[in-house]
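Everything on this sheet refers to the single structure shown next.
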Amino acid sequence: MATPTDTNCLVNGMPGSLVSVRDRGLAYGDGLFETIRVSAGVAPLLDLHFQRLAQGATVLRLPLDLQLLRDEVTACAVQIGSGLLKLTITRGESQRGYAMPSQSAPTRILQSSPLPDYPPHNAEQGIVLYPCATRLGYQPLLAGLKHLNRLEQVLARSEWQDAGHAEGLVCDLAGHPVECTMSNLFIRLDDAWVTPVLDRCGVRGVMRDYLMQQLAGRGDPVVERRIDLDELLAAREVFCCNSVFGVWPIVGLDGHRWPVGPHTRLAQTLAKQVFS
């Protein structure tokens, strides 16, 4: 098994990189995606990825053959050994207009690529967040889903180009911290972990779910609720997480500083164990 050196792609199970100009994923962002980390020929968090995918398919009324998708992902994981698989599902082709076709034939795209080459100090010393001005709009129906409409994240990430910020803090319309541009947020308050509730906006990350399960099993349950900026600044420890890089301690935001504490290091160890 070899780590991929270039991005390889299957479209509907066949080698290729082209989709129709009538594809609704291109026209409307009508679809879902999952970015899946592979280690030693397996995808350890695959169950959580497919739980989110199934939930998204139900909300979007998108007919999926989940077993076929899982079989393809599993086979590609064995083939690449380690790296990333990006699974993109669109509703497929349709004529012009928003109306869903009476019979959808979803397009499935499976890409493999190497792991991102993130600087080791992101995990070791922690990162500084950029305070993004872009706000997340409210849409409870789509909250938590990994749908293809990512323009808010694109705009937020475009706000900084310097190497001094590895991630950006993104808030909702009321100014409540929700997440980072590509990861979820955890803060340590009153000797307990709190993570922003994702009932109006934001993406429910797979690593977020995994860590919540693991921490609860250790007697340290995570509280999901709305937080305000003052609470974030008053936190004892802060970290962000996703299923690609695991856990990065957050040590700064707009002049404010936090230490890298023992609770963050434990969460980091739990994340590392997934791919070891």
Going through region 111-153 in order, the residues found to be outside any strand (DSSP E or B) and touching a helix residue (DSSP H, G or I) at 6+ places or on another chain (Cβ under 8 Å) are 123, 137, 141, 142, 145, 146, 148
Evaluate region 40-54: report whether one residue or more is surrounded by fewer than 20 Cβ atoms within 10 Å (Cβ to Cβ), hydrophobic (A, V, I, L, M, F, W, C) and on the phi > 0 side of the Ramachandran plot.
yes
All conditions in (1) open to solvent by 30 Å² or more (accessible area, probe 1.4 Å); (2) closer than 19 Å to residue 274 by Cβ are true of residue 133 except (2)
Residue count, region 37-88, condition part of a strand (DSSP E or B) and without any contact (Cβ under 8 Å) to a residue 40 or more places away in the chain, comes to 1
Residue hits (region 169-178; among the aliphatic types (A, V, I, L, M) and open to solvent by less than 40 Å² (accessible area, probe 1.4 Å)) are 169, 170, 178
Checked 216, 156, 166 against criteria (hydrophobic (A, V, I, L, M, F, W, C) and surrounded by fewer than 14 Cβ atoms within 10 Å (Cβ to Cβ)); the one match is 216
Reported set for region 15-29 where residues are in contact (Cβ under 8 Å) with a residue 60 or more places away in the chain and closer than 17 Å to residue 86 by Cβ is 19, 23, 25, 26, 29
Picked from region 219-252 (must be open to solvent by less than 10 Å² (accessible area, probe 1.4 Å), among the aliphatic types (A, V, I, L, M) and in contact with a helix residue (DSSP H, G or I) (Cβ under 9 Å, 6 or more places away or on another chain)), the residue nearest to residue 37 (Cα to Cα) is 247
Note to self: Taking the conditions exactly as written (of a type in the set (Val, Ile, Thr), under 25 Å from residue 182 (Cα atoms) and over 18 Å from the mean Cα position of the chain (by Cα)), does residue 74 satisfy them or not?
What the structure shows: yes
Residues of region 157-175 being in a strand (DSSP E or B), without any contact (Cβ under 8 Å) to a residue 60 or more places away in the chain and under 17 Å from the mean Cα position of the chain (by Cα), in sequence order, are 168, 170, 171
Picked from region 143-153 (must be open to solvent by less than 50 Å² (accessible area, probe 1.4 Å) and at negative phi), the residue nearest to the chain's Cα centre (by Cα) is 146
Reported set for region 17-36 where residues are small (Gly, Ala, Ser) and either open to solvent by 20 Å² or more (accessible area, probe 1.4 Å) or part of a helix (DSSP H, G or I) (or both) is 17, 20, 25, 27
Inside region 249-275, the number of residues satisfying the requirement of being assigned to a strand (DSSP E or B) and touching a residue at least 40 places away in the same chain (Cβ under 8 Å) is 5
Of the residues in region 179-202 that are open to solvent by 20 Å² or more (accessible area, probe 1.4 Å) and in a strand (DSSP E or B), the one that is nearest to residue 47 (Cα to Cα) is 192
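The values are calculated or read from the model by the stated rules, or taken from the named source; none is laboratory data. Quantities reported herein were computed from a predicted structural model and do not represent experimental measurements. With ideal geometry, Cβ positions are generated from the backbone for all residues, glycine too; neighbour counts draw on all protein chains shown. Accessible surface areas use protein heavy atoms only, side chains included; no ligands, DNA or RNA. Shrake-Rupley method; radii C 1.70, N 1.55, O 1.52, S 1.80 Å.
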